[in-house]
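Since the structure comes first, as structure tokens, the remarks are kept for the end.
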Amino acid sequence: MLKYIVKRVAFALLTLFLVATMTFFLMNMVPGGPFSAEKAVSQAAMDALNEKYGLDQPVSVQYKNYMLKAIQGDLGVSLRQRGRTVSSIIATKFPVSARIGGMAIVVALAIGIPLGCLAALNRGKALDNIIIVIATCGIAVPSFVICTILMYIFGYNLGWLPVVGLTSWKHYIMPVVALAFYPTAYIARLMRSSMLDVLGQDYMRTARAKGLSQSKSLFKHALRNAVLPVVTYVGPMVAYTMTGSFVVEKIFTIPGLGGEFVGSILNRDYTIIMGTTIFLAALVIFMNVVVDLVYKLVDPRIQLK
Amino acid sequence: MSEYLVNIQNERLSFFTPAGEVKALNDVSLHLKEGEVLGIVGESGSGKSVTAYSLMGLTAYPGRLIGGTLDFNGHRINDMTEKQMRKIRGNEVSIIFQDPMTSLNPVYTIGNQICEVILLHTNKNRAQAKERAKELLTLVGINEPEKRLKQYPHELSGGMRQRVMIAIALACEPKLLIADEPTTALDVTIQAQILELMMDLKEKLGMAIIMITHDLGVVASMCDRIAVMYAGKVVEYGSTDDIFYNPKHEYTRGLLRSIPKLNEKEHKKLVPIEGTPVDMLNPPKGCPFAPRCGSCMKICLREMPAYTDISDVHYSACWLLQKEEFEKGGNA
């Protein structure tokens, strides 16, 4: 076990290093810079800014300086949001995204898994077809369309839910639903196919031959085997969903982290690009470790090496 | 209550597939007394397993029982609800399957899977169930039962897993054990061990066994009665001696001709049964074996033969026997 942990941590650090390195050089290859979009900046002012943030030095020196600081946990200051450190921006915005994303994941699991099971149990019947159609729509329809439709119906026509901001529990409903739509549909489809596979297994026949009721054999014998593919999918999904969605946050004007990913690239806010990318990569790596541990819990055949 | 533990009369069962009705069983009649071993032999698709599964109410969708009666241990199986059937399954009648590698749930321990059936059908508490599970593992010849209970199926070999399946099947001391090709997936030495174990347990516990197999060697050594099935029909039924030494049906004879014999001096070629199995979607009007039969007559293709009793316990469905009977009757 100890060997496993050491190995995983070593690989995680290596991955983070590679991600940071690639992002850094790719980012610097893109033409323009953090201050090039600002109007009426004199050459002297521009030089001063570049010098202040060390952007006048060669890229390799910048890289060395950044990495040395990053190893010590210092992700630097934002180049465009004056006076704020990258860490503080992540620290204030991540919880907002994580809250909405976390709820969306719970919703997706709570609806997706039963829906998939229902479809599998009613294979080929009307209910199965209805669920497949809904799930296919959920995967095919982009989130901005869902957001707009939700806003139009519940926010504008019916007036039940507020469309902007995040001040009461009511504000959460639409963003959470919009964010949960795709994973719900995906989980339902995954669950359906893996459940169909499990229902055809010999041990399900054994369960029936023992005299177990259908619900007991389903909950005890089928579900635990069928849920494995969902675990694999949900791990990385948690990382992506908790870090926010640019589209959903923009539409509902939510001050989350999702906006920073895209915004920082548009602004060439180098330190934020690096900070959010490293943060997301770390989260994905962490979730993958969690997936492996959950896998081990669910299926005793799996060995962590 | 009848004298038989199992009495199947004229069972007809079909699978209603999109391509049409597959008549899996056509007028199957079988009976078995308490403590007897019945072997059901026949080629793939002849209805051996379907017959046995229907006795447990485990007919797979889209199969449906459409005629006949099934009696088991005083229960009329056809009239029972799913809920009533559940009380019998794993309790009065148990089954062991062909492939022990996949018949146990990989994510639960052996102990969990044995105790499950004990807790379901008896009033024992967890500790008592565990004790019973240990007893059962010892009974089926597994050493260190305490340790095995905590192991998962993937930690055991195929033979061990089949022993565990047998332990599960015997947990509630069933009246009838159905063994659906229990040794097909095992290697030869393990096969012999498992069969020996089953016969040993039969002696100890006094249950009846229905042995489904296509291995004639297995039935010869184990069974009191043998039913030979072909195309969803019992073509010959009799004691083991009747079937091996006095076979009456051409299909039975064909099966016997295709077994290699070790004790013969000259090495004769094995004789296969020519032709292919019948298409169950469009079964022929007459005797299903007629197209492959060496002694086929005109009537065989037109009409299904009735059963001819050769002795009290030996009967067969063949026109040749009917003809013989008729000639005998004519002479008398």
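Points worth noting:
- Segment A:1-54, subset more than 23 Å from A:Gln72 (Cβ to Cβ) and of a type in the set (S, T, N, Q), residue modelled with the lowest pLDDT: A:Ser36
- Count of segment A:49-74 residues, restricted to those that are polar (S, T, N, Q) and either on the phi > 0 side of the Ramachandran plot or not in a loop (DSSP other than H, G, I, E, B) (or both), is 4.
- Of all the listed residues (B:Lys233, B:Lys265), the sole one being of a type in the set (Lys, Arg), out of contact with any His (no Cβ under 9 Å at 6 or more places or on another chain), farther than 19 Å from B:Thr183 by Cβ and at pLDDT 85 or above is B:Lys233.
- Restricting segment B:39-84 to residues that are over 23 Å from B:Glu3 (Cα atoms) and of a type in the set (Val, Ile, Thr), the residue that is modelled with the lowest pLDDT: B:Thr59
- All of B:Glu203, B:Glu181 fail the test of being closer than 22 Å to A:Arg205 by Cβ, acidic (Asp, Glu) and surrounded by fewer than 22 Cβ atoms within 10 Å (Cβ to Cβ), apart from B:Glu181.
- Filter result (assigned to a helix (DSSP H, G or I) and of a type in the set (S, T, N, Q)) within segment A:222-246: A:Asn225, A:Thr232, A:Thr241
- Cβ pairs under 6 Å, 6+ apart, first in segment B:88-104 and in contact (Cβ under 8 Å) with a residue 40 or more places away in the chain, second charged (D, E, K, R) and surrounded by 24 or more Cβ atoms within 10 Å (Cβ to Cβ): B:Gly90/A:Lys210
- Qualifying residues in segment B:279-306 (those that are charged (D, E, K, R), over 24 Å from the mean Cα position of the chain (by Cα) and in a loop (DSSP other than H, G, I, E, B)) - the one modelled with the highest pLDDT: B:Glu303
- Check on B:Ser94, at pLDDT 90 or above and closer than 15 Å to B:Leu177 by Cβ: yes
- When segment B:91-113 is limited to residues that are of a type in the set (A, V, I, L, M), at the interface with another protein chain (Cβ under 10 Å from one of its Cβ atoms) and within 21 Å of A:Lys220 (Cα to Cα), the one that is surrounded by the most Cβ atoms within 10 Å (Cβ to Cβ) turns out to be B:Ile95.
- Residue identified as closer than 10 Å to B:Ala171 by Cβ, more than 14 Å from every other protein chain (Cβ to nearest Cβ) and out of contact with any His (no Cβ under 7 Å at 6 or more places or on another chain) among B:Glu146, B:Glu116, B:Glu135: B:Glu135
- Condition check for B:Ile166: modelled with pLDDT of 90 or more, closer than 30 Å to B:Gly254 by Cβ and either crowded, with 20+ Cβ neighbours inside 10 Å or not β-branched (Val, Ile, Thr) (or both): no
- In the set B:Thr189, B:Thr184, only one residue is within 14 Å of chain A (Cβ to nearest Cβ), more than 30 Å from B:Ile310 (Cβ to Cβ) and of a type in the set (S, T, N, Q); that residue is B:Thr184.
- One residue stands out among those in segment A:82-137 that are without any contact (Cβ under 8 Å) to a residue 40 or more places away in the chain and of a type in the set (A, V, I, L, M): the one that is surrounded by the most Cβ atoms within 10 Å (Cβ to Cβ), which is A:Leu118.
- Residues (without any contact (Cβ under 8 Å) to a residue 24 or more places away in the chain and in a loop (DSSP other than H, G, I, E, B)) located in segment B:129-152: B:Asn143, B:Glu144
- Within segment A:193-252, the set of residues being away from chain B (no Cβ under 13 Å) and among the small types (Gly, Ala, Ser) comprises A:Ser193, A:Ser194, A:Gly235, A:Ala239, A:Gly244, A:Ser245.
- Output for segment B:34-49, where each listed residue is more than 9 Å from the chain's Cα centre (by Cα) and of a type in the set (A, V, I, L, M): B:Val37
- Residue check for A:Gly259: farther than 30 Å from B:Ala167 by Cβ, buried (at least 24 other Cβ atoms within 10 Å of the Cβ) and either within 14 Å of chain B (Cβ to nearest Cβ) or not hydrophobic (A, V, I, L, M, F, W, C) (or both): no
- Residue list for segment B:57-82, restricted to those being more than 14 Å from chain A (Cβ to nearest Cβ) and either loosely packed, with under 14 Cβ neighbours inside 10 Å or not hydrophobic (A, V, I, L, M, F, W, C) (or both): B:Arg64, B:Ile66, B:Gly67, B:Gly68, B:Thr69, B:Asp71, B:Asn73, B:Gly74, B:Arg76, B:Asn78, B:Asp79
- For segment B:279-289, a residue qualifies if it is touching a Leu at 6+ places or on another chain (Cβ under 9 Å) and surrounded by fewer than 23 Cβ atoms within 10 Å (Cβ to Cβ), and the qualifying residues are B:Pro284, B:Lys285, B:Gly286.
- Take the conditions (1) in contact with a Gly (Cβ under 6 Å, 6 or more places away or on another chain); (2) away from chain B (no Cβ under 14 Å); A:Arg189 misses just one of them, which is (1).
- Taken over segment A:247-256, the criterion of being surrounded by 17 or more Cβ atoms within 10 Å (Cβ to Cβ) and either modelled with pLDDT of 90 or more or not in a loop (DSSP other than H, G, I, E, B) (or both) is satisfied by A:Val247, A:Val248, A:Glu249, A:Ile251.
- Counting only residues that are touching a residue at least 12 places away in the same chain (Cβ under 8 Å) and not hydroxyl-bearing (Ser, Thr, Tyr), segment A:60-72 holds 3 of them.
- Considered as a group, the residues in segment B:234-250 that are touching a strand residue (DSSP E or B) at 6+ places or on another chain (Cβ under 7 Å) and hydrophobic (A, V, I, L, M, F, W, C) include one that is farthest from B:Cys300 (Cα to Cα), and that residue is B:Ile243.
- Residue in segment A:292-303 that is part of a helix (DSSP H, G or I), surrounded by fewer than 22 Cβ atoms within 10 Å (Cβ to Cβ), within 14 Å of chain B (Cβ to nearest Cβ) and not aliphatic (A, V, I, L, M) present: yes
- Sole exception among (1) assigned to a helix (DSSP H, G or I); (2) within 14 Å of chain A (Cβ to nearest Cβ); (3) surrounded by 15 or more Cβ atoms within 10 Å (Cβ to Cβ) for B:Cys172, by number: (1)
The values are calculated or read from the model by the stated rules, or taken from the named source; none is laboratory data. Note that this is a predicted model, so its numbers are computed, not measured. Methodologically, a virtual Cβ is constructed for each residue, glycine included, from the backbone with ideal geometry; neighbour enumeration extends over all protein chains shown.
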